[in-house]
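Step one of this worksheet: look at the structure below.
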Amino acid sequence: MINSISSSASTIAPYAPIGRQPVGLESTELKSSSLKALEQSADAAPSQNRRSPEYNPNQDAERDRVSGGGQDKSASQQEQEQKEQKQINQLATRDREVRAHEQAHASVGGQYAGSPTYSFERGPNGVNYAVGGEVAIDTSPVPNDPEATLRKAQVIRAAASAPAEPSPQDRRVAAQAASLENEARAELAAQSASEVQKSAQESDDKTAARKAEAKQQAQQEEDLRKEIRKEEDRQRAELDRSNQERAAILARSAQTTFDISRRLVEIGAVKSTPTVGNFFNGSV
């Protein structure tokens, strides 16, 4: 903002002829005299000065005063311009810093960061300079995905710490991202432990299933062996019965033959011989 500075010139003193007092400063005798002092302006003084056409001390003094006043005014303007230029330089430097700061947030934040927004201050030259800014960033966890949340938290923490001189708010966001990262790590660790436990349980279940299957197979094999033994026993029993029946048949056949031979001897169809084991002594 340009501050208006005004400078007023001194009032021109009335001209006093030689030997007379200025108007209003006459002595009592001069006031009561019939000859009154003449009031003149400085502009009229050259025409009344009869000593030298070029001699005018009041005009020279006024010229010096006006010239000095102009120099004072020029120095004041220069000082004001220097102040304004200094303010412009400060605003321009601040603008570059703010824009670089917020752009660092946005570029590192990537998909989780919004576009930078700025607050401006108008400089003495009428140009708006960024003096503050912010970048909105999403710090919410990824639902049901701690691994994705961990990656997101790392990006947010890097984005918050990206500028060369992070602000207190940047540090708070970085701390929040670190907390989110720790929570995601803890959730991942819990999931890993649960998976290990689940894997161990599945392994135990598989082991138990294999044992039960082995036991069942052993029982089936034992039952099969029992069936085989039972079948073998049945077959042996049938064979024994068959042998017994065959032996009985042979015995009956031998007894029948013996009975027939004895009957033939009794009826004289054949002659009896004492030879043991010989049934017939001749042809019938």
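Summary of values
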{"quantity": "Nitroxide proxy distance, nm - points 7 Å out along Cα→Cβ at Val142 and Gln235", "calculated": "7.0"}
{"quantity": "Built amide H within the under 5 Å cut-off of Gly132, gap 5+", "calculated": "Ser119"}
{"quantity": "Gln219-Gln244 pseudo-label distance in nm [points 7 Å out on the Cα-to-Cβ vector]", "calculated": "3.7"}
{"quantity": "Gyration tensor (alpha-carbon) shape descriptor, segment 91-154, a/c threshold 1.5", "calculated": "prolate"}
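Here, each number is a calculation from the coordinates, and none is a lab measurement. The shown structure was predicted, so the numbers you read here are calculated from the model rather than taken from an experiment. Cβ atoms come from the backbone with ideal geometry, glycine included; neighbour counts cover every protein chain shown.
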